[in-house]
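The values are calculated or read from the model by the stated rules, or taken from the named source; none is laboratory data. Everything numeric in this text was worked out from a predicted model, so none of it was measured. When we count neighbours, we look across all protein chains shown, and the Cβ atoms used for this are built from the backbone with ideal geometry, even at glycine. Quick note on the areas: whole protein, heavy atoms, side chains included, nothing else; ligands and nucleic acids left out. Shrake-Rupley method; radii C 1.70, N 1.55, O 1.52, S 1.80 Å.
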Amino acid sequence: MISPRSQADQKTKPKEEPNTTGHSWDGIREYDNPLPRWWLWIFYATIIWSVIYMVVYPSWPLLKEATPGLLGYSSRAEFDKTTKDFAAVTAALDARLVTTDLSAIHADPELAQYASSGGAAVFRTYCSQCHGSGAAGSKGYPNLLDDDWLWGGSFDEIYQTIRYGVRSDFDDTRYSEMPAFGDLLESHELDQVKHYVMSLSGGLHNAALAPAGKQVFQDNCADCHGENGQGNREFGAPNLTDKVWLYDQDQSGVLATIANSRFGIMPGWQDKLTEAELRQVTYYVHQLGGGE
């Protein structure tokens, strides 16, 4: 039992100042209290675990590779095994895909699903950087969702474009080259044909200059784009009468194209993709909405 005297002593005894680090912010002092023991043990355990991990698994980088670790684990080897296992599972479907005509794939629901999902994966890996994740394209990169095709939108035409590319190093690549008419025409002729080209799709143009531009067009451009400007897939010459533009569609952009030409390049994927992957991505692009 505590006596009344001791209780009084406790009430009058001044509180001791807590230990602090000496730091103070706006009158707020930082206590220098010991860390909880449980927290310290967890901290020590993580240190021990890290040492064990560095010994057992690859961790320390060397000049050519990391230390192999006692277990000899390799994420690359694990990936290769997973890839081989997946290839073994899909080998039968790949064989069917390779031997089935592209236009007949849709008649086999299982094969069509496999081609579509596989083609989407191939597209996201290799094609989306230029054509966009949704295949809507951008300036200089065709929109694959519409039905406007420079080289044709059938299964076989899409397949050839993907396999051999456009203006690539393959012998069977799609190839065309538009002259830079800035070196061939006078400035007033460039201005005239610019307004004529703009008039073909109903763009903003000078109606007084367009008729003269039509003659310039017939003399210099009609061989590829056609007499009416509707394009020619044999040469990859775009249709100038629609409102689908690969580059800028204003007057300055059209003039730049006429004067300086364009020479976009698409790589051929023959050496990077398997035959099954080529056919998958062909089927995927075709079924996006604009295939013929």
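Only one residue of PRO68, SER117, LEU97 has its Cα farthest out toward the positive end of the dipole of the range 56-122, where Lys and Arg carry +1 and Asp and Glu -1 on Cβ, and that residue is PRO68. Rolling a 1.4 Å probe over the protein heavy atoms gives the chain an accessible area of 67 Å² per residue. All other residues with a Cβ under 15 Å from the Cβ of GLY72 taken together, and with Lys, Arg as +1 and Asp, Glu as -1, what is their net charge? Result for the local shell: -1.
Report note on the peptides 152-159, 166-173, 51-58: ranked by the mean count of other C-beta atoms within 10 Å, highest first, their order is 152-159, 166-173, 51-58. Full extension of the chain between ALA121 and TRP38 yields a length gain of 25.1 nm, computed as 0.36 nm times the residue separation minus the alpha carbon distance.
Carbon-plus-sulfur accessible fraction, the range 1-153 (probe radius 1.4 Å, protein heavy atoms only): 61%. In the list [x] 67, 34, 19; [y] 38, 20, 16; [z] 39, 24, 16, the label attached to semi-axes √(5λ) of the Cα gyration tensor in Å as derived from the coordinates here is [x].
Compared with the direct C-alpha span, the chain from ASP108 to SER59 gains 12.8 nm at full extension, assuming 0.36 nm per residue. Only helices enter the 222 nm calculation for the chain: every DSSP H run of n ≥ 4 contributes -39,500 (n - 2.57), and dividing by all residues gives -14500 deg cm²/dmol, rounded to 500. Packing, taken as the mean count of other beta carbons within 10 Å per residue, orders the peptides 98-110, 67-79, 181-193 from highest to lowest as 181-193, 98-110, 67-79. What you get for the chain, charging only the Cβ of Lys and Arg (+1) and of Asp and Glu (-1), is a dipole of about 1920 debye around the Cα centre. Computed across the range 7-145, the Kirkwood radius stands at 23.2 Å (inverse of mean 1/r, all Cα pairs). In the chain, taking the dipole from charged Cβ atoms about the Cα centre, the farthest positive-side position among MET198, GLN129, TRP25 is held by TRP25. Checking the a/c ratio against 1.5 first, then a/b against b/c, what shape does the Cα gyration tensor give for the range 160-274? Prolate, because a/c is 1.5 or more and a/b exceeds b/c.
For the range 262-274, backbone phi angles converted through the Karplus equation (6.51, -1.76, 1.60; θ = phi - 60°) give residue-by-residue couplings of 10, 8, x, 10, 10, x, x, 9, 4, 8, 9, 10, 6 Hz, Gly and Pro being listed as x.
As a rough guide to protection, the peptides 216-229, 128-141 ranked by mean Cβ packing within 10 Å, highest first, stand as 216-229, 128-141. Local charge for SER176 was computed over the other residues whose Cβ lies under 9 Å away, with Lys and Arg +1 and Asp and Glu -1, and equals 0. Helices of the chain meeting both criteria, an alpha-carbon length of 27 angstrom or more along the long axis and an average Kyte-Doolittle score not below 0.0, with helices taken as full DSSP H segments, are 37-56. Taking other residues whose beta carbon is less than 14 angstrom from the beta carbon of PHE123, and scoring Lys, Arg as +1 and Asp, Glu as -1, yields +2.
Note: relative contact order over the range 62-216, using C-alpha pairs below 8 Å and six or more positions apart, is 9 percent.
Ranking CYS221, ALA87, THR257 by how far each Cα lies toward the positive end of the dipole of the chain (charges on Cβ) leaves ALA87 at the top.
On full extension, the segment bounded by ASP242 and ALA88 gains 50.7 nm, given 0.36 nm per residue less the C-alpha separation.
Of all DSSP-defined beta bridges confined to the chain, some 90% are antiparallel rather than parallel.
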